[in-house]
Every structure is written in C-alpha cells, then in structure tokens.
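The values are calculated or read from the model by the stated rules, or taken from the named source; none is laboratory data. Source: prediction; values computed, not measured. Note that each Cβ is placed from the backbone with ideal geometry, even for glycine, and that neighbours are counted across all protein chains shown. Keep in mind that these areas ignore ligands, DNA and RNA; they rest on the heavy atoms of the full protein, side chains included. Shrake-Rupley method; radii C 1.70, N 1.55, O 1.52, S 1.80 Å.
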Amino acid sequence: MKKMIRFMMLFLTALLLLAGCGARPEESVYRQVTMEEAAVMMREESGYIILDVRTAEEYSEKHIPGAVNVPNEIIGSAGIPELPDKAQLILVY
C-alpha cells in the first residue's frame, strides 16, 4: 500500500512538473478561420504575415499579394528566416 501511495505521489509530481513545462496558451494559439474572418483580420490588424505553405510552383502560379512562401515540406524544427517574429499574427494557407 505504501508503495502505491509513493508511486501515485511521484506520478502526480511528475505530471505537475510536465504541465508546467508547456507553452503558455497566449504564446501558441492556433485556430482555423474562414476566408471572411481572415479578410476582417487583415483589415483590422497590422504587423501580420501571410504564410503560403504550398509548393514554389503553386506559389508562382498565383498567390495572395504580399504572402511569403515557405513550402510545408521544408518546415521543420529549425528556425525559419522568413518568420523572425513567431509572436506576430501569422495567417497560414
């Protein structure tokens, strides 16, 4: 019984520590918006970036004016020079 209590205490402590290591909600909020919602955000906000994650070929055919192209296939854990401020509003399509 004591082993079970110790295990549960250790487990709960580890769980609390891990929960504290996560990103704060305000730092990484992802949500899906409609085209209309995005248009409103673009009218009302400033300092945002439009990120086009399609292939370079698709981007060259047609894209939203001012959009930055970083193909989904090359996005990984390394830094992305085209996105220097990850705290800014980033509209991804």
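Among the residues of region 51-59, are any assigned to a strand (DSSP E or B) and not small (Gly, Ala, Ser)?
Our first condition is that a residue be assigned to a strand (DSSP E or B); within region 51-59, this holds for 51-52.
Within this subset, residues satisfying the condition of being not small (Gly, Ala, Ser) are 51-52.
Checked against the condition, which is being assigned to a strand (DSSP E or B) and not small (Gly, Ala, Ser), region 51-59 yields at least one hit.
Could you list all residues from region 10-33 that are at pLDDT below 90 and open to solvent by 100 Å² or more (accessible area, probe 1.4 Å)?
Within region 10-33, Leu10, Phe11, Leu16, Leu17, Leu18, Cys21, Arg24, Glu26, Glu27, Val29, Tyr30, Arg31 qualify.
So which residues in region 34-71 are touching a residue at least 40 places away in the same chain (Cβ under 8 Å) and either loosely packed, with under 14 Cβ neighbours inside 10 Å or over 16 Å from Val92 (Cβ atoms) (or both), if there are any at all?
Matches in region 34-71: Met41, Glu45, Gly47.
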